[in-house]
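Colleague: Mind having a look at this structure? Questions to follow.
Rule-based calculations on the coordinates, nothing more; no lab input. Treat the numbers as computed from the prediction; the structure is a model and nothing was measured. Reconstructed Cβ throughout: ideal geometry from the backbone, glycine too, with neighbour counts over all protein chains shown.
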2 protein chains.
Amino acid sequence: MDQIQNKVKKLDEYQWPQGFFSDGIHAGLRDGLDLGWIYSETPAAAAGVYTTSQFQAAPTKLTKNTINLNHQLQAVVMNSVCANSCTGPQGEADALVMQQAVADKMTIDSNLVGVASTGVIGQYMPMGLITAGIKKLELGDSDKVAHAVMTTDSHAKTISVAADIDGETVIVSGFCKGSGMIHPNMATMLGFVTTDAKIASYELQALLSEHVNDTFNQITVDGDTSTNDMVTVMANGASGVDVAASDEFEAAFHQVLSYLAQEIAADGEGATKLVEANVKHAETKEDAQKIAKQIVGSNLVKSAIFGDDANWGRIMGAIGQTDAKLDVDHVSLWINGIQLVKDSISVNFDEAVVKETLASSKVVIDVDVNVGEASGQAWGCDLTYDYVKINASYRS
Amino acid sequence: MDQIQNKVKKLDEYQWPQGFFSDGIHAGLRDGLDLGWIYSETPAAAAGVYTTSQFQAAPTKLTKNTINLNHQLQAVVMNSVCANSCTGPQGEADALVMQQAVADKMTIDSNLVGVASTGVIGQYMPMGLITAGIKKLELGDSDKVAHAVMTTDSHAKTISVAADIDGETVIVSGFCKGSGMIHPNMATMLGFVTTDAKIASYELQALLSEHVNDTFNQITVDGDTSTNDMVTVMANGASGVDVAASDEFEAAFHQVLSYLAQEIAADGEGATKLVEANVKHAETKEDAQKIAKQIVGSNLVKSAIFGDDANWGRIMGAIGQTDAKLDVDHVSLWINGIQLVKDSISVNFDEAVVKETLASSKVVIDVDVNVGEASGQAWGCDLTYDYVKINASYRS
């Protein structure tokens with residue numbers, strides 16, 4: 001494992017993998033960047049995971065159908081401000097027009113174009129601005145596209161990782177947006193991963209589906225699942241490096257997903273802290289993940305962490321609320337390495353020391369449920385006045 | 001139905017049913033009332049529902065075991081400030097001492113005494129104060145006991161209903177406490193119902209289990225289930241009126257539970273509004289209730305309602321997040337009677353009018369999912385700055 005990690009390095013700056021271009025522009029939907037795209041010089045193997053909401057947004061549905069058709073994408077066009085969700089037949093027509101506009105611009109098949117939208121649910125797309133904007137998109141190499149899809153995000157979330165595979169380099173890059181309505185189930189918000197690795201689309205899909213379960217699906221900001229959640233991966237093979245069954249590629253891919261997922265949790269609406277829950281000695285991985293997610297999802301735990309309050313009873317409350325198997329009389333609990341609970345009751349800990357560590361920007365909660373060998377993690381954030389402020393006036 | 005309702009009347013003031021006494025005193029756990037009891041002149045048929053948390057508090061477990069033993073109670077002693085939860089063997093011993101102290105005081109069997117505690121999890125009971133306090137409890141007729149169990153509640157929650165059964169009167173009275181950590185599953189927080197009706201304990205348990213599902217189990221404040229949730233009913237038969245299979249009694253009983261449950265939701269920590277969701281034309285009652293509870297439980301919906309924002313997309317988001325059967329293209333939605341959504345897309349509504357109605361102290365959301373004949377309801381509250389404030393500093 002250490003040997004693999006030595007061959008996988010996070011780059012200091014965001015970098016597009018070979019053969020990928022992008023742009024982000026101001027199309028007039030708001031002040032600032034609001035429309036962007038990713039473009040690959042050749043069709044790329046593609047995979048995606050999508051929201052499980054029963055009201056899947058028109059662009060999400062279209063991209064899913066498009067990827068399922070031939071498992072390839074050459075471009076993805078995306079916008080913020082308007083989610084094009086709960087917009088009926090008009091919304092579906094609008095998403096198709098966006099797809100066709102990119103295909104016409106580049107003279108490629110429309111079945112190679114994905115569409116992603118994020119913003120307010122239930123409003124129609126300003127199609128005049130959108131189609132005019134698509135005409136202006138260029139083949140650049142900036143990270144402006146990551147800014148164009150931001151909504152209440154406080155900063156763009158990007159990462160590039162280089163993997164050394166038998167002496168050759170493959171780049172895996174990803175960016176995402178997401179700050180509120182974050183409680184993914186199968187996928188989350190918008191995430192876009194690109195790589196110049198050479199890999200079959202079915203293998204790419206299998207990797208994505210596997211690793212999304214430990215990363216994007218294990219974060220929560222507010223327990224609300226979006227209608228537009230989607231993560232796509234495009235692999236165009238431009239590096240010439242075949243990564244089939246490469247541990248180094250899998251490690252790089254996992255690092256990108258894990259980093260982006262934690263970035264979303266840490267930048268949750270109004271959040272001041274990233275909260276990580278690690279559960280060990282559970283009976284199954286599913287149990288461990290369920291407990292971890294319940295802890296980071298509890299409004300009471302989140303409020304206590306905002307207030308630097310070592311109110312561990314609320315963490316026990318969250319653990320007990322799940323149906324995961326527990327040794328109820330022998331649960332242990334630590335906050336940032338300080339043990340608060342042993343055998344399900346309080347140990348003698350120094351309140352002042354715990355209060356001080358709770359003031360850090362990252363709070364790690366470790367839990368031992370004492371029934372097996374499985375572990376699981378989840379990430380969330382604190383619940384603050386600013387979360388309420390942001391969401392009491394989102395549309396105005 | 002109307003004929004039954006004419007025979008069931010809410011009284012203007014709280015009134016103990018015949019043969020019941022109570023008291024609430026300051027035992028020194030905090031400023032104000034903090035210890036209380038209910039006492040029946042004869043053993044009463046008893047029923048209870050209890051939290052499904054895996055960490056069931058010591059008093060909750062003891063009361064459950066006590067009721068299960070002989071389905072009778074003559075007294076329930078209760079305190080606020082300390083929940084006696086996650087307190088291990090010491091906590092179980094303390095609950096037993098409380099039970100025995102009441103039994104000794106009244107010279108009754110300890111198996112006729114229930115114990116209920118609420119407050120901070122993980123702290124030991126101040127038993128010196130508790131046992132000294134129990135000695136001071138008197139056989140009064142005030143509602144002080146409802147004040148003694150309040151924690152972050154803004155007011156005592158009490159109701160008395162009189163049912164006319166074949167010309168004779170039966171009283172059903174109830175009180176409860178609860179404001180945060182409210183997301184009952186099987187039961188909720190502390191609720192105490194008393195009646196002078198004559199009814200078999202198995203019938204009382206059946207009625208409680210049935211009606212708790214439509215009332216206490218359909219409220220949520222923050223999605224967090226407590227370790228101490230419990231509702232008990234005591235029927236001492238002092239009226240001499242046999243209410244077996246009485247529709248009037250069932251209506252009165254339901255009214256008491258429904259009123260108390262809504263009182264908890266309306267008085268949710270920091271809340272300024274009661275939110276009611278009514279779902280109709282669902283395939284099953286379970287589906288309708290699931291959708292209704294998802295709506296009132298959504299942090300995003302709750303924040304929007306706090307901000308008087310008619311952001312119906314978030315309500316659709318909550319509906320879509322469930323696995324309940326929907327006609328996804330033909331969902332309709334109303335807020336306080338004003339239609340916002342038809343066929344799952346926006347209708348032309350007046351934003352200003354909806355904003356004005358959202359400023360009311362009660363917001364009713366009606367949803368039609370167009371797949372069947374079943375209905376369901378749930379109650380919650382808005383999410384406010386004060387919720388965060390209260391819970392960032394609960395222990396200090």
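Colleague: Given +1 on the Cβ of Lys and Arg, -1 on the Cβ of Asp and Glu, and no further charges, what dipole in debye does chain B carry about its Cα centre, rounded to the nearest 20?
Modeller: Working: 26 positive and 50 negative charges, 229 e Å.
About 1100 debye.
Colleague: Considering only A:GLN74, A:GLN255, A:GLY133, whose Cα is most displaced toward the positive end of the charge dipole of chain A, charges sitting on Cβ of Lys, Arg (+1) and Asp, Glu (-1)?
Modeller: Of A:GLN74, A:GLN255, A:GLY133, it is A:GLY133.
Colleague: With a ≥ b ≥ c taken as the square roots of the eigenvalues of the C-alpha gyration tensor of the stretch A:87-246, please select rounded if a/c is under 1.5 and otherwise prolate if a/b is larger than b/c or oblate if it is not? The partial results should precede the final answer.
Modeller: Working: a/c = 1.82, a/b = 1.26, b/c = 1.45.
It comes out oblate by the Cα gyration axes.
Colleague: Summing -39500 (n - 2.57) over the DSSP H runs of n ≥ 4 in the protein assembly as shown and dividing by its residue number, what mean residue ellipticity at 222 nm do you reach, to the nearest 500 deg cm²/dmol?
Modeller: Details: 24 runs with 266 residues, N = 792.
So the calculated ellipticity at 222 nm is -10000 deg cm²/dmol.
Colleague: Report the charge-dipole magnitude of the protein assembly as shown in Debye, nearest 20, computed about the Cα centre from +1 at each Lys and Arg Cβ and -1 at each Asp and Glu Cβ.
Modeller: Values: 52 positive and 100 negative charges, 145 e Å.
About 700 debye.
Colleague: Nearest 10 degrees is fine. How inclined is helix A:58-70 to the longest principal axis of chain A, computing both from alpha carbons?
Modeller: With rounding to tens, the tilt is 70 degrees.
Colleague: How do A:275-287, B:211-223 rank on mean C-beta neighbours within 10 Å, highest first?
Modeller: Numbers: A:275-287: 20.2, B:211-223: 24.3.
Descending packing order for the listed peptides: B:211-223, A:275-287.
Colleague: Summarise the partner chain shielding of B:296-303 as one whole number: the mean count of Cβ atoms from other chains within 10 Å of each residue's Cβ.
Modeller: Details: counts 0, 2, 6, 14, 11, 2, 5, 11.
Going residue by residue through B:296-303 and averaging, the value is 6.
Colleague: Determine ³J(HN,Hα), in whole Hz, for all residues of the stretch A:256-266 in sequence, where each value follows from phi through the Karplus function 6.51 cos²θ - 1.76 cosθ + 1.60 and θ = phi - 60°; x replaces Gly and Pro.
Modeller: 5, 5, 5, 4, 5, 4, 5, 4, 5, 4, 5
Colleague: If you don't mind, another one. Let me see the P(r) profile for the stretch B:193-237: every Cα-Cα distance counted, bins of 5 Å, each bin given as a percent of all pairs.
Modeller: 5, 17, 25, 22, 15, 9, 6, 1
Colleague: Here's a follow-up. For the stretch B:1-160, what are the per-bin percents of Cα-Cα distances with bins 10 Å wide, up to the bin holding the maximum?
Modeller: 11, 39, 36, 11, 3, 0
Colleague: Between rounded, prolate and oblate, where does the stretch A:42-82 land on the alpha carbon gyration tensor, with a ≥ b ≥ c its root eigenvalues, rounded for a/c under 1.5, else prolate if a/b exceeds b/c? Before the final figure, lay out each step's value.
Modeller: Working: a/c = 2.70, a/b = 1.42, b/c = 1.90.
Cα axes put the stretch A:42-82 in the oblate bin.
Colleague: With 10 Å bins from zero, work out the P(r) of chain B over every alpha carbon pair and list the percent per bin.
Modeller: Computed distribution, short to long bins: 5, 23, 31, 24, 13, 4, 0.
Colleague: I'd like the antiparallel share, as a percent to the nearest 5, of DSSP beta bridges with both residues in the protein assembly as shown. Don't jump to the answer; show the numbers that get you there.
Modeller: Numbers: 108 of 150 bridges.
Given both bridge residues lie in the protein assembly as shown, the antiparallel proportion sits at roughly 70 percent.
Colleague: Would you kindly work out, in nm and rounded to one decimal, the distances from the label point of B:MET106 to those of the same position in each other copy, ordered shortest first, with label points 7 Å along Cα-to-Cβ?
Modeller: 7.8
Colleague: If you fit an axis through the alpha-carbon atoms of helix A:285-297 and take the longest principal axis of the Cα set of chain A, what angle between them do you get, 0 to 90°, nearest 10?
Modeller: Helix A:285-297 and the main axis of chain A meet at about 90 degrees.
Colleague: If you don't mind, another one. What relative contact order, as a whole-number percentage, does the stretch A:71-199 give when Cα pairs under 8 Å and 6 or more residues apart are counted?
Modeller: Details: 192 pairs, mean separation 27.7, N = 129.
Answer for the stretch A:71-199 is 21 percent.
Colleague: Nearest-to-axis residue of chain A, judged by Cβ, for the A-to-B rotation, with distance in whole Å?
Modeller: Of all Cβ atoms in A, the one closest to the rotation axis yields A:TYR385, 3.
Colleague: Could you tell me what percent of the DSSP beta bridges with both partners in the stretch B:2-266 are antiparallel, to the nearest 5? Show your work: numbers first, answer last.
Modeller: On the way: 38 of 51 bridges.
So the antiparallel bridges amount to about 75 percent of the total.
Colleague: Answer rounded, prolate or oblate for the stretch B:274-392, using the Cα gyration tensor with square roots of eigenvalues a ≥ b ≥ c: rounded when a/c is under 1.5, else prolate when a/b is larger than b/c, else oblate.
Modeller: Values: a/c = 2.05, a/b = 1.33, b/c = 1.54.
The shape class here is oblate.
Colleague: Which one of A:ASN391, A:VAL347, B:THR118 is farthest out on the positive end of the charge dipole of the protein assembly as shown, using unit charges on Cβ (Lys, Arg +1; Asp, Glu -1) and the Cα centre as origin?
Modeller: Checking the options against the dipole of the protein assembly as shown, the answer is A:ASN391.
Colleague: Now, a different point. Would you order B:LEU257, B:LEU11 from fewest to most other beta-carbon atoms within 10 Å of each residue's own beta-carbon? Numbers along the way, then the final one.
Modeller: Numbers: B:LEU257 25, B:LEU11 12.
Ascending number of Cβ neighbours within 10 Å: B:LEU11, B:LEU257.
Colleague: Using +1 at the Cβ of each Lys and Arg and -1 at the Cβ of each Asp and Glu in chain B, identify which of B:GLN90, B:ILE305, B:VAL241 lies farthest towards the dipole's positive end.
Modeller: Checking the options against the dipole of chain B, the answer is B:GLN90.
Colleague: Further question on the same structure: In this model, which of B:LYS280/B:LYS325; B:LYS293/B:LYS362; A:LYS280/B:LYS293 are farther than 20 Å apart at the alpha-carbon?
Modeller: Values: B:LYS280/B:LYS325 12 Å; B:LYS293/B:LYS362 16 Å; A:LYS280/B:LYS293 31 Å.
Result: A:LYS280/B:LYS293 exceed 20 Å.
Colleague: In addition: Which residue fluctuates the most in chain A, going by a Gaussian network model with Cα springs under 10 Å, if the choices are A:THR51, A:THR322, A:THR227?
Modeller: Most flexible of the set in this elastic network: A:THR322.
Colleague: Just need the relative contact order of chain A here, percent rounded to a whole number, with Cα pairs under 8 Å and 6+ apart. Walk me through the numbers on the way to the answer.
Modeller: Numbers: 1038 pairs, mean separation 70.3, N = 396.
The value is 18 percent.
Colleague: Pick from A:PHE20, A:PHE306, A:PHE253: which residue has the top mean-square fluctuation in a GNM of chain A where Cα pairs under 10 Å get a spring?
Modeller: Ranking A:PHE20, A:PHE306, A:PHE253 by mean-square fluctuation puts A:PHE306 first.
Colleague: Let me ask something else. Taking only C-alpha pairs under 8 Å that are 6+ residues apart, what is the relative contact order of the stretch B:167-260 in percent?
Modeller: Details: 173 pairs, mean separation 38.9, N = 94.
The value is 41 percent.
Colleague: Anyone know which of A:ALA148, A:ALA238, A:ALA58 comes out most mobile in the 10 Å Cα GNM of chain A?
Modeller: A:ALA238
Colleague: Using only atoms on other chains, find how many Cβ atoms lie within 10 Å of each Cβ of peptide B:306-313 and report the average.
Modeller: Values: counts 5, 9, 3, 6, 1, 9, 3, 15.
Across B:306-313, the average partner-chain Cβ count within 10 Å equals 6.
Colleague: Which FRET efficiency, nearest 0.05, do A:SER361 and A:GLN15 yield, Cβ-Cβ r, R0 30 Å?
Modeller: Details: r = 26 Å, r/R0 = 0.88.
Using R0 = 30 Å, I get an efficiency of 0.70.
Colleague: Now a separate question. When 1/r is averaged over all different Cα pairs and the result inverted, which Kirkwood radius in Å belongs to the protein assembly as shown?
Modeller: That comes to 27.9 Å for the protein assembly as shown.
Colleague: I would also like to ask the following. May I ask you to work out the translational diffusion coefficient for the stretch A:20-113 at 10 °C, viscosity 1.306 mPa s, via Stokes-Einstein with Rh from the Kirkwood sum over Cα pairs, reported in whole µm²/s? Show your work: numbers first, answer last.
Modeller: Values: Rh = 13.9 Å.
Diffusion coefficient, whole number: 114 µm²/s.
Colleague: Give me the inter-chain shielding for A:114-121: mean count of other chain Cβ atoms within 10 Å, whole number please.
Modeller: Details: counts 0, 0, 0, 0, 0, 1, 3, 9.
Mean number of neighbouring Cβ atoms from other chains: 2.
Colleague: Next question, about the same structure. Please report, to two decimal places, log10 I(q)/I(0) for the stretch B:203-285 at q = 0.11 Å⁻¹ as given by the Debye formula with identical point scatterers on the Cα atoms and no solvent.
Modeller: -0.39
Colleague: For the stretch A:274-392, give the magnitude of the charge dipole about the Cα centre (Cβ charges: +1 Lys/Arg, -1 Asp/Glu; no others), in debye to the nearest 20. Each step should come with its number before you reach the end.
Modeller: On the way: 11 positive and 18 negative charges, 73 e Å.
So the dipole magnitude of the stretch A:274-392 works out to roughly 360 debye.
Colleague: Provide A:MET189, A:MET125 in ascending order of the number of other Cβ atoms located within 10 Å of each residue's Cβ, fewest first.
Modeller: Values: A:MET189 31, A:MET125 26.
Starting with the residue having the fewest Cβ neighbours, the order is A:MET125, A:MET189.
Colleague: Please report the base-10 log of the normalised intensity I(q)/I(0) for the stretch A:53-106, using a Debye sum with one equal scatterer per alpha carbon and no solvent, at each q in 0.18, 0.28 (1/Å).
Modeller: For the stretch A:53-106 at q = 0.18, 0.28 Å⁻¹, log10 I(q)/I(0) is -0.61, -1.27.
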